[in-house]
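What follows is a short report on a single structure.
The values are calculated or read from the model by the stated rules, or taken from the named source; none is laboratory data. Small disclaimer: the values here were computed from a predicted structure and weren't measured. All Cβ positions, glycine included, derive from the backbone under ideal geometry; neighbour counts span all protein chains shown.
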Amino acid sequence: MGKIRGLIGLLLALACCMPVLSWAQSDTPLRVYRVGPADLPWQSVLAGKYRDREIPVDKQAFSPMPETSGWWRVEIRRDLDGISDPMLHLSAVSLTHSEVWLPGSPAPLRFSQLDRQGNHGFSPRLMVVALPPEMRAGDSVYWRVQTGEVSPLKLGLAAEDVLRVQDGEQIRWHSMVEGTILALVLAGFVLSLIMRETTFLILAAGIFLSLLFVLTNNGDVFHYPGLAGLDAEYPLQRIMGLAACAVMTHFAYIFLEMRRRTPRLALVQRAIIGGFLLLLIGSFLPGFRDNPLGSILGNLVIVAGTVNGILASILLIRAGQRAGKLYLLSWTPLLVFSFWRIVEISLRLPFNEFVGLVFPATYVLAGILLYLGLGERILLYKRERDANEHLARMDSLTEVYNRRALDERLRIAAVQTEKSGRSMAVLFADLDHFKRINDSHGHDVGDYVLKDVTLRIRSVLRFGDVLGRYGGEEFVIALPDCGEEQARHLAERIRERIAERPVVCAGTVIPVTVSIGISVLRDGQSDIEGALKRADQALYFCKQNGRNCVNTLPA
């Protein structure tokens, strides 16, 4: 518990400190100015008629003022002689269209994340402009942007070879993370089929929706034309985020067993799920989907769901439930980086690259830990079920089959004997004068004798033989693939093992003997009831002839 608190505290401290790192900008040859809204005439903008209205941006980004869409002027602050094949690039992860005017160019360069042509072979999340080598300090590039982003678009300048290496590394990283998330989704579907456990299916569905959210969050959605087309028509990032939150909130309701363990929080959790579903429906309605109120309400419901899940986890941890620890540990990194991103958006900071790289990986960590927790719970349920089944089938005193389980095992053994065409012997054993032991020494001593005798019988039996307590001091033994002579030999060994030394209990020496009746099913016979009756009759003859002996009654 202390380690978990320490880890959570460290991550929270990191979350509080890291947004400050986003402010620190390396020395850059660029200076960004906000010119005005996107509907300004391009001739007037290029002629510099709005220079007196321009607002400088402190950071190397297109910062929302109040929206990112609009005209931007990028000023080159120093000569680019030291940069080979300079590339001006804009990082945008949502649907963005833009036009770029270079100095002296009669027509703009047009870019769209739905149309990857002219992007010099870079990933869709980048809009790349090759700067002419004759550009000098003081020259400007005008950029008109139309986007749905609510956060700053990061601007950069780099040599082409450097930019390609960086872009390739990001592509490989995102592909690995997204491939791992997809593997977790497939694993969940397979586990749900194998174990017939719908909770795995719910978790897999939540992870799949989270994968779609990640694709829209980091711009990889534009690798897939179908998803990109949907993103152009609907706020896909919000839709996938709300859908993933709704499913994962329902999973938390099941995983944390809220209905049974935290009933009050369970009511809140169901209300939160309903809130997600209402917001999800609203995201498809024209009057609501473009309204900033939808994002605000969505964030409030997410915060409510997060707090409710954390409270439920803490209550489970205090009750000694491992599920609470795993749930809290699995979601803490994701919550930390989500908080980090919200701070960046709220303060209009450029997105920190480290967050963009690590944020998708937190879904992988959460998925793995939740699968482990779910698998651990199912194994625990299976052990409990097996233990209960074992208790239901076993005699609690001697730990051999009870009467009901013995009858079942005898019928199975008889059917197998009939199919194989071989013989099976049935032994009916009864302790001699056992009532005297109970009357003279008490039932506790009698119970001890029964357990000791059971161990002695087991020491003689072969692998595959069936032993059960028929009732009281009576035992039945089935010997598959065993003829009359071999059965008599085994019965004599059992009799001798019991009679060879007395049972010693609490200093009391108790001589014990046993009588055993034998019957044999031959040539594939399966009448187990008849075999038991004959073995019982053979046992009766033993009792009539002095006890402590073995007798066989032919079929």
Return the pairs, sorted by first residue and then second, in which the second residue is among the basic types (K, R), the first residue lies in the stretch 479-495 and is touching a residue at least 60 places away in the same chain (Cβ under 8 Å), the beta carbons are less than 6 Å apart, and the residues are 6+ apart or on different chains. D481/R422
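Per-residue answers, yes or no, for (1) at pLDDT 90 or above; (2) exposed (fewer than 14 other Cβ atoms within 10 Å of the Cβ):
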{"position": "F434", "(1), (2)": "yes, no"}
{"position": "D439", "(1), (2)": "no, yes"}
{"position": "L450", "(1), (2)": "yes, no"}
{"position": "R458", "(1), (2)": "yes, no"}
{"position": "G464", "(1), (2)": "no, yes"}
{"position": "G468", "(1), (2)": "yes, no"}
{"position": "T508", "(1), (2)": "no, no"}
{"position": "I518", "(1), (2)": "yes, no"}
Any chance A312 is under 23 Å from V336 (Cα atoms), in the same structural domain as Y234 (by TED's automatic domain parsing), in contact with a helix residue (DSSP H, G or I) (Cβ under 8 Å, 6 or more places away or on another chain) and at pLDDT 90 or above: yes
I'd like to know if the stretch 239-255 contains one or more residues that are at pLDDT below 90 and either out of contact with any Phe, Trp or Tyr (no Cβ under 9 Å at 6 or more places or on another chain) or of a type in the set (G, A, S) (or both). yes
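Conditions tested, residue by residue: (1) among the charged types (D, E, K, R); (2) closer than 30 Å to P64 by Cα; (3) assigned by TED's automatic domain parsing to the domain that holds L209; (4) touching a Cys at 6+ places or on another chain (Cβ under 7 Å).
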site: F339; (1), (2), (3), (4): no, yes, yes, no
site: I368; (1), (2), (3), (4): no, no, yes, no
site: R385; (1), (2), (3), (4): yes, no, yes, no
site: D395; (1), (2), (3), (4): yes, no, no, no
site: L410; (1), (2), (3), (4): no, no, no, no
Here are some conditions: (1) closer than 15 Å to P124 by Cα; (2) touching a residue at least 12 places away in the same chain (Cβ under 8 Å); (3) not charged (D, E, K, R). M195 meets all but one. Which one does it not meet? (1)
Of the numbered conditions (1) under 24 Å from R493 (Cα atoms); (2) without any contact (Cβ under 8 Å) to a residue 24 or more places away in the chain, R422 satisfies every one except a single condition; which is it? (2)
Single residue of the stretch 52-75 satisfying the filter (modelled with pLDDT of 90 or more and within 26 Å of P133 (Cβ to Cβ)) that is surrounded by the most Cβ atoms within 10 Å (Cβ to Cβ): W72
Just one of Q43, Q60 is more than 30 Å from S175 (Cα to Cα) and among the polar types (S, T, N, Q); which is it? Q43
Starting from the stretch 36-51, take each residue that is assigned by TED's automatic domain parsing to the domain that holds T68 and list its partners that are at pLDDT below 90 and not hydrophobic (A, V, I, L, M, F, W, C), counting only C-beta distances under 7 angstrom and pairs at least six apart or across chains. A38/S69; A38/Q146
Exclusive hit being more than 26 Å from L184 (Cα to Cα) and either of a type in the set (A, V, I, L, M) or part of a helix (DSSP H, G or I) (or both), set L372, L315, L379, L328: L315
